[in-house]
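Q: Sharing a structure, written as structure tokens. Questions coming.
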Amino acid sequence: MFEAMVLACAIGTFSPDTCVQANDLEGPYNTQEECKARIEEMIAGIVLTIPAPMNFHYKCEQQNPEGIKL
């Protein structure tokens, strides 16, 4: 299972205060491809919400299954 996360940073600034982290509320996803498709949707939503030039960074982080210990 994968969780989608997007980091959007304003272009032309060098302060971490100008970045916004978006964590997906719809996942997790079974495959990395599904996670990347969700990231594309998230980026499209951010572009509509924050109309400033942005650099986007993302990751599909694999979750560790809980409750399973060998």
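The values are calculated or read from the model by the stated rules, or taken from the named source; none is laboratory data. Everything quoted here is computed from the prediction, not taken from an experiment. No Cβ is skipped: glycine too gets one built from the backbone with ideal geometry, and neighbour counts run over all protein chains shown. Surface accessibility is based on the protein's heavy atoms, side chains included, excluding ligands, DNA and RNA. Shrake-Rupley method; radii C 1.70, N 1.55, O 1.52, S 1.80 Å.
Q: Just to confirm the filter: which GluC sites (Glu not before Pro) across the chain are DSSP coil and have at most 15 other Cβ within 10 angstrom of their Cβ?
A: Glu26, Glu66
Q: Continuing with this model, one more query. Roll a 1.4 Å probe over the protein chains and send me the accessible area per residue for the stretch 1-64 in Å².
A: 70 Å²
Q: Tell me the net charge near Ala4. Cut-off is 11 Å between Cβ atoms, Ala4 excluded, with +1 for each Lys or Arg and -1 for each Asp or Glu.
A: Combined, the nearby Lys, Arg, Asp and Glu give -4.
Q: About the Cα centre of the chain, what is the dipole size in debye to 20, counting +1 per Lys and Arg Cβ and -1 per Asp and Glu Cβ, all else neutral?
A: Here the size comes out at about 160 debye.
Q: Share of the chain's accessible area from carbon and sulfur, percent, 1.4 Å?
A: Carbon-and-sulfur percentage of accessible area, whole number: 56.
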